[in-house]
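Here's the structure we're looking at; comments come further down.
The values are calculated or read from the model by the stated rules, or taken from the named source; none is laboratory data. Since the model is a prediction, treat every value here as computed from it, not as a measurement. Glycine also receives a Cβ, built like all others from the backbone with ideal geometry; neighbour counts cover every protein chain displayed. Keep in mind that these areas ignore ligands, DNA and RNA; they rest on the heavy atoms of the full protein, side chains included. Shrake-Rupley method; radii C 1.70, N 1.55, O 1.52, S 1.80 Å.
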Amino acid sequence: MGTATFWWRARSISVGVGSDWRLYEARIQKRGIVVSTRRRSSSLPTLIVSSMPYEKELAAAKKAATLAARLCQKVQKALLQSDVHSKSDKSPVTVADYGSQALISFILERELPSEPFSIVAEEDSGDLRKESGQDTLKRITELVNDTLASEGSNSFSILTTDDVLTAIDNGKSEGGSVGLHWVLDPIDGTKGFVRGDQYAIALGLLHEGKVVLGVLACPNLPLASIGSNQQHSSNEVGCLFFAKVGDGTYMQALGGSTQTRVHVCDIDNPEEASFFESFEAAHSSHDLSSSIAEKLGVKAPPVRIDSQAKYGALSRGDGAIYLRFPHKGYREKIWDHAAGSIVVTEAGGIVTDAAGNPLDFSKGKFLDVVSGIIVTNQKLMPSLLRAVKEALNEKASSL
Ligand SMILES: Nc1ncnc2c1ncn2[C@@H]1O[C@H](COP(=O)(O)OS(=O)(=O)O)[C@@H](OP(=O)(O)O)[C@H]1O
Ligand SMILES: [Mg+2]
Ligand SMILES: [Mg+2]
Ligand SMILES: [Mg+2]
């Protein structure tokens with residue numbers, strides 16, 4: 001027997017491997033899984049693997065996203081116009097996007113020193129290496145160091161501007177279908193962040209091209225439901241959603257509280273459903289969404305919020321459907337969906353493209369989706385797919 005397949009959800013498994021078993025043992029141990037070997041015969045040893053798969057990675061991801069959220073909150077509170085810059089595609093980027101990316105990259109590498117380190121992330125340091133970027137770089141470095149100091153450890157490292165540039169550029173990985181890759185959107189919904197609205201720090205982990213864990217920090221999302229017609233006395237904000245493959249989705253307050261398991265809603269009558277869509281009409285066609293909602297018989301008005309906070313809210317049943325139809329020519333990036341999609345699927349939901357295909361995160365930084373992305377629970381998906389198909393056909397025949 002030359003190969004071994006490990007079922008990562010198992011807590012304790014036995015696998016027989018071939019003559020190169022030492023290689024497998026080394027690889028497994030690198031991922032922090034406890035391994036012992038028992039030789040049943042000289043040619044066929046058995047590895048006894050007791051694992052809490054991705055446990056260490058999840059702890060590191062939660063720590064990194066929580067600290068990045070602290071950095072972003074500080075910047076959002078005192079957002080100066082000089083902190084917002086325009087990228088070559090004219091989209092905004094702030095000192096907080098860069099600071100969050102540098103901090104998360106630094107923390108993941110520090111917390112998981114024995115793992116090969118690869119991140120596919122949205123930002124790069126190009127503009128910060130120019131003469132015109134030097135003041136911004138200093139400000140980002142200060143922000144990162146202040147946040148690390150607030151971690152409470154006596155032995156925090158002080159990063160130089162070069163360390164910050166290197167940490168940001170760790171995010172240049174291409175991802176793909178082999179090995180482990182972190183996927184990071186340091187601020188998802190930068191327009192919402194600048195407006196003072198919703199945004200998310202979105203961190204996922206790919207293993208062999210599949211999302212195996214995701215953490216979404218949503219500093220401005222109320223802990224109570226934001227679904228339509230919801231009224232709550234508490235207005236506490238700041239949610240941390242996290243999910244690990246096979247283990248369900250949980251939410252806790254960003255400030256730290258006990259975690260609660262969350263589930264998507266179990267509505268099966270579309271008339272009772274409400275739906276989320278992008279705040280910015282430039283990011284998703286509101287016309288197409290309203291045509292789909294009408295076909296389904298949805299009565300509630302759309303809930304428009306920025307970022308993957310939409311996936312978080314849907315995972316705890318605040319609404320039943322998320323519709324996303326970017327305008328022609330736009331290519332979706334994996335960091336805009338990796339963390340959000342596992343947060344929803346582990347809460348019992350389904351995420352597909354407009355044709356019903358699962359999202360494929362194994363092809364590098366882009367997601368090649370057909371027409372758009374739709375998210376809902378198992379019961380509503382068949383009628384949602386029919387409504388989407390009808391609406392897309394109507395749109396095509398009207399052109
Ligand atoms: N033209 C266009 N079409 C579709 N999507 C686009 C487009 N431009 C940008 N983006 C990406 O949208 C990300 C924010 O998505 P949202 O759904 O949060 O949009 S919105 O803020 O609610 O409007 C946003 O994420 P951030 O850049 O991280 O903010 C972009 O990756
Ligand atoms: Mg984004
Ligand atoms: Mg972003
Ligand atoms: Mg952006």
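How many percent of the accessible area of segment 270-398 is carbon or sulfur, using a 1.4 Å probe?
On the way: 2600 of 5110 Å².
Using a 1.4 Å probe with all protein chains present, segment 270-398 comes out at 51 percent carbon and sulfur.
Kirkwood-based Rg over Rh for segment 255-372 (C-alpha set), two decimals? Don't skip to the answer; put the middle values down first.
On the way: Rg = 14.3 Å, Rh = 14.9 Å.
Reported Rg/Rh (Cα atoms, Kirkwood Rh): 0.96.
Using modelled backbone amide H atoms (1.01 Å from N, in-plane), which distant-in-sequence or interchain residues come within less than 5 Å of G349's amide H?
Residues meeting the amide H criterion: V264.
In sequence order, what are the phi-derived ³J(HN,Hα) couplings for segment 329-336 according to the Karplus relation 6.51 cos²θ - 1.76 cosθ + 1.60 with θ = phi - 60°, rounded to whole Hz, with x for glycine and proline?
Running phi through 6.51 cos²θ - 1.76 cosθ + 1.60 with θ = phi - 60° gives x, 7, 10, 5, 9, 5, 6, 7 Hz.
Over segment 55-262, average the accessible area per residue using a 1.4 Å probe and give it in Å², no decimals.
Working: 8760 Å² over 208 residues.
Averaged over the residues of segment 55-262, the accessible area is 42 Å².
Whole Å is fine, so just give me how far the alpha carbon centre of segment 248-318 lies from that of segment 358-392.
15
Top to bottom by accessible area (1.4 Å), largest first, where do D97, D197, D336 land?
Working: D97 0, D197 60, D336 20 Å².
My answer, sorted largest first, is D197, D336, D97.
May I ask you to derive the FRET efficiency for K389 and E208 from their Cβ-Cβ distance with R0 = 41 Å, giving the value to the nearest 0.05?
Numbers: r = 32 Å, r/R0 = 0.77.
Calculated value: 0.85.
With each pseudo-label sitting 7 Å past Cα toward Cβ, what's the T260-D163 distance in nm, one decimal?
My value for the distance between the label points is 3.9 nm.
Counting only protein heavy atoms and using a 1.4 Å probe, what share of the accessible area of segment 55-262 belongs to carbon plus sulfur, as a whole percent? Walk me through the intermediate numbers first.
Details: 4220 of 8760 Å².
C and S atoms contribute 48 percent here.
Fully extended, how many nm does the chain gain between A78 and E55 (0.36 nm per residue separation, minus their Cα-Cα distance)? Show your work: numbers first, answer last.
Working: separation 23, 0.36 × 23 = 8.28 nm, distance 3.55 nm.
Taking 0.36 nm per residue and subtracting the Cα distance, the gain is 4.7 nm.
With the other protein chains left in place, how much accessible area per residue, in square angstrom, belongs to segment 301-387 at a 1.4 angstrom probe? Could the numbers behind the result be given before it?
Working: 2940 Å² over 87 residues.
Accessible surface, normalised per residue, equals 34 Å².
Provide the solvent-accessible area of K365, counting protein heavy atoms only and rolling a 1.4 Å probe, rounded to the nearest 10 Å².
80
Considering the Cα positions of segment 179-300, please state its Rg to one decimal place and its Dmax as a whole number of Å.
Cα-based Rg and Dmax for segment 179-300 come out at 16.4, 46 Å.
Report the local net charge at A61: Lys and Arg +1, Asp and Glu -1, summed over other residues whose C-beta lies under 12 Å from its C-beta. Write out the running numbers ahead of the final one.
Details: positive: K56, K62, K63, K244; negative: E55, E57, E111.
With Lys, Arg at +1 and Asp, Glu at -1, the neighbours total +1.
Roughly how far apart, in whole Å, are the Cα centres of segment 152-184 and segment 54-102?
A separation of 13 Å, based on Cα centres.
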